[in-house]
Each structure stands twice: as C-alpha cells, then as structure tokens.
Amino acid sequence: KWLKEKIAMWADDTMYDVCYRLRLVDDDDDEVIQLGNEKKTRICMKTADVAKKLGCTCRELLESILLYHQSSRQSDGAILSSAPLYPTEALLWDRHSVPPGNYGLVSEGSITGITSLSLPKLNARFLSAGDYLLRNFRLFRLESAYEIRADLVDAIKRMRPMPKQDGYTEDSLNDYYGNSFNQDENVANDESPKTEFQGWARMGLELGTNKLDKQGLRLIRVDPPRLGESVPASVIAELVLDLRHCATSLAAEWDEIGEFDNLFLVSVDASKMTGAPAPMMRRKDRRVPDEEDFTFPERYGIQAVRGCMVLEVRDEAGTILSDPALAYEEGGRPDPKGKRRFLRVALDPAQ
C-alpha cells in the first residue's frame with residue numbers, strides 16, 4: 001500500500017524510466033504515445049499492445065508490473081500453512097487446474113489444442129526442500145481433486161436434487177370460510193429449504209432431521225489464529241444425520257464412520273439449476289460425461305463444497321460410537337440408540 005501511494009505521485013516518464021532501469025520493459029521502439037492525461041512520452045509498442053489487449057492504460061500496466069516485481073513473496077512454508085487441505089468447488093471444476101482425463105472431451109466453446117498442463121514439474125532442479133514439498137503437495141492435491149470430483153458427481157446425480165414443491169398458495173392459506181390460519185414459521189418467513197432430493201445415494205445423505213430442535217449444521221467453536229498465521233487455528237462444527245429412511249445395512253455403514261474419516265459437505269440450491277444438458281464433445285456426436293463436465297455445478301445448482309474430518313460420532317443416548325475402546329468392553333460394542341447421529345467434525349480453517 002505504501003509503495004502504491006508513492007508510485008501514484010510519479011510522472012509517466014519517471015515510471016517508465018524506473019521500469020526500464022529494472023529491465024522490466026524493452027526500449028526498442030521510438031514511437032511517441034500518450035500515457036494518461038499527461039504529456040507524451042516514448043514507450044515500446046510491446047507494452048502498448050499488451051495494455052490494449054488487457055483493456056487498461058499503459059500507466060496502469062506499468063504500475064502493476066512494478067508493484068508485482070517489488071512486492072515481497074510468501075515463503076514456501078507460509079503457502080503450505082495457508083493452503084486448504086480439501087478442494088473447493090472452484091478447484092474441482094476448474095478446467096485449467098483439474099482438466100478432463102481425455103482431451104477429446106473438450107467442447108467447442110472451450111480452449112482447444114491443449115498439449116501440456118500448467119502443473120509443477122518434478123523432473124527439474126528444486127530451489128529448496130520447501131520448493132520440493134510444495135510441488136508434491138500441489139500435484140497430490142490436484143490428483144485427489146480429480147477423484148473426489150468423480151465421487152461427488154456420482155452421488156449428486158443419484159440423489160436427484162429438485163425444487164421443492166411445498167404446495168402452499170395464497171388460496172390454500174385460507175380455510176373454508178375465507179379466514180386465514182396460522183402458518184408455519186418457516187413458510188411465513190420463507191426460510192424453508194428450496195431443495196428436495198427425489199433419489200438416494202449409498203454414501204450421500206441430506207443434513208438435518210424432521211425435529212426442529214437440532215440444525216443440520218451448527219458451528220460450535222472457532223479458535224483464533226496462532227501467532228504468525230492468518231487462518232483460524234481450528235473450526236469445530238456439529239452435523240446431524242437422520243437414518244430413518246436408510247435400510248439396516250446402509251445405516252450400519254454410516255455407523256461405521258470413525259475418527260479421522262473425511263467427509264464432504266455440498267450445498268445444493270435446486271432453484272438455481274439450469275437444467276441444461278451436458279455439452280457436446282468436440283468432433284463427436286455424443287455428450288461429455290458428467291464427471292468431465294465443467295458446467296455440472298450450474299446444471300445441478302452446486303453452491304459450495306467443503307471438506308471436514310470426523311472427530312467423534314454420537315447416538316441419541318450420547319454414546320460415542322467412534323470410541324475404539326467400546327469394542328474391548330464386556331459384551332462388545334453396544335447397539336446405537338435412535339435413528340439420529342451427531343457428528344463432531346473439524347472443518348478446514350483455510351476454506
């Protein structure tokens with residue numbers, strides 16, 4: 001901020017001269033052009049062409065180049081500590097970071113002719129041990145994101161999100177004699193969910209329960225950042241799962257979730273679904289698979305994707321089902337009580 005204020009007071013000739021002395025621009029053209037509202041100065045055509053393509057003035061371009069060159073860079077350790085461990089919706093459906101597994105799946109409206117990816121290379125010299133760890137972390141994160149995206153797409157498709165049809169109209173809110181009756185608070189305040197799921201997935205459940213005493217997702221604690229860090233130390237939340245509609249075998253699988261297992265939370269708003277089909281493949285007469293379709297979030301109304309790690313699982317009686325010591329007690333592990341499960345999870349603070 002201080003450097004930006006100082007640069008703003010410079011004249012255009014001074015700014016160009018500083019950039020030239022720092023070897024940030026070339027001086028191979030004597031054409032005279034105008035920078036801003038001040039007097040005309042000499043500048044190379046390369047800089048003018050780049051500024052025209054970016055839709056900015058030459059002074060704004062030179063200011064951005066100078067600020068980027070002189071600004072301090074984060075260390076590898078700082079980048080690793082602030083990077084999220086779980087992928088978000090921005091990374092999962094980013095065609096440049098997590099491209100399709102087959103280049104033939106690129107549609108007509110996207111970038112074609114891709115021969116290489118902008119990924120960190122491992123067969124090169126490393127600047128430091130931190131640089132080596134950072135490159136491996138990024139590659140492993142992108143590889144995991146590709147597999148996670150396929151699992152999420154499969155579960156969301158099977159659950160079939162649809163706009164909720166509550167059945168309430170202006171006429172139905174009156175009785176036989178035309179007198180209005182008391183509405184439910186959620187309906188009156190328009191706070192009821194706008195999405196319902198008409199299908200089911202083996203490892204996909206809607207958060208919440210039919211009882212109003214427990215919310216589907218509730219934040220419990222957000223610890224302040226540690227010294228020298230910018231993200232919270234920990235974010236603890238509670239999830240409520242209702243297993244009433246699950247078969248016995250399926251409910252048993254959910255009860256096997258233990259400590260340090262990873263879950264993903266997906267926010268779906270069916271009112272924002274486009275309902276459009278997947279785009280066509282380039283030079284082929286079939287559509288792109290949903291696992292490789294980058295328009296999938298718009299088609300199914302996906303708003304956010306967040307990851308979390310399970311800390312403990314409780315039943316309605318308060319018994320910690322994820323406690324491994326229960327298996328060694330007399331009589332073995334007790335049967336869970338009730339159909340609701342309360343999961344204490346640790347969210348990713350960097351998200």
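By average Cβ neighbour count within 10 Å, what is the ranking of 158-164, 219-225 from highest down?
Working: 158-164: 15.9, 219-225: 10.9.
Result, highest mean Cβ count within 10 Å first: 158-164, 219-225.
If R0 is 25 Å, what FRET efficiency do you get for residue 10 and residue 53 from their C-beta distance, rounded to 0.05?
Details: r = 24 Å, r/R0 = 0.97.
Using R0 = 25 Å, I get an efficiency of 0.55.
How large, in percent, is the carbon and sulfur part of the accessible surface of region 201-351 at a probe radius of 1.4 Å?
50
Answer with one residue from 280, 325, 309: the one whose Cα lies farthest towards the positive end of the charge dipole of region 276-350, charges on Cβ with Lys, Arg +1 and Asp, Glu -1.
In region 276-350, that residue is 280.
What's the magnitude of the charge dipole for region 246-314 around its Cα centre, counting Lys and Arg as +1 and Asp and Glu as -1 at the beta-carbon? Answer in Debye, nearest 20.
On the way: 9 positive and 13 negative charges, 136 e Å.
Here region 246-314 has a charge dipole of around 660 debye.
Among rounded, prolate and oblate, which fits region 57-100 when a ≥ b ≥ c are the square roots of the eigenvalues of its C-alpha gyration tensor, a/c under 1.5 means rounded, and a/b larger than b/c means prolate? Please list the in-between numbers first.
Working: a/c = 3.94, a/b = 1.53, b/c = 2.58.
Note, shape of region 57-100 comes out oblate.
Please give, to one decimal in nm, the separation of the simple spin-label points placed at residue 24 and residue 123, each 7 Å out from Cα toward the Cβ.
So the two model labels end up 3.6 nm from each other.
Note the full-extension length gain between residue 320 and residue 81 as 0.36 nm times their separation in residues minus their Cα-Cα distance, in nm to one decimal.
Length gained, residue 320 through residue 81: 82.9 nm.
Based only on Cα atoms, what mean projected area does the convex hull of region 263-318 have, in nm²?
Details: hull surface 23.8 nm².
Result: 5.9 nm².
Which peptide among 303-310, 333-340 comes first, and what is the full order, when sorted by highest mean count of other Cβ atoms within 10 Å?
Top of the packing list down: 303-310, 333-340.
Equivalent ellipsoid semi-axes for region 300-351, as square roots of 5 times the alpha carbon gyration tensor eigenvalues: give them largest first, rounded to whole Å. Each step should come with its number before you reach the end.
Values: eigenvalues 176, 39, 13 Å².
Taking √(5λ) for each eigenvalue gives 30, 14, 8 Å, largest first.
Using 20 Å as the Cα-Cα cut-off, could you pick out the over-long pairs in 164/272; 194/272; 1/52; 194/337?
1/52; 194/337
The values are calculated or read from the model by the stated rules, or taken from the named source; none is laboratory data. The structure presented is a predicted model; accordingly, all values stated were derived computationally and were not measured. Here Cβ is always computed from backbone atoms with ideal geometry, including for glycine, and neighbour counts include all displayed protein chains. Keep in mind that these areas ignore ligands, DNA and RNA; they rest on the heavy atoms of the full protein, side chains included. Shrake-Rupley method; radii C 1.70, N 1.55, O 1.52, S 1.80 Å.
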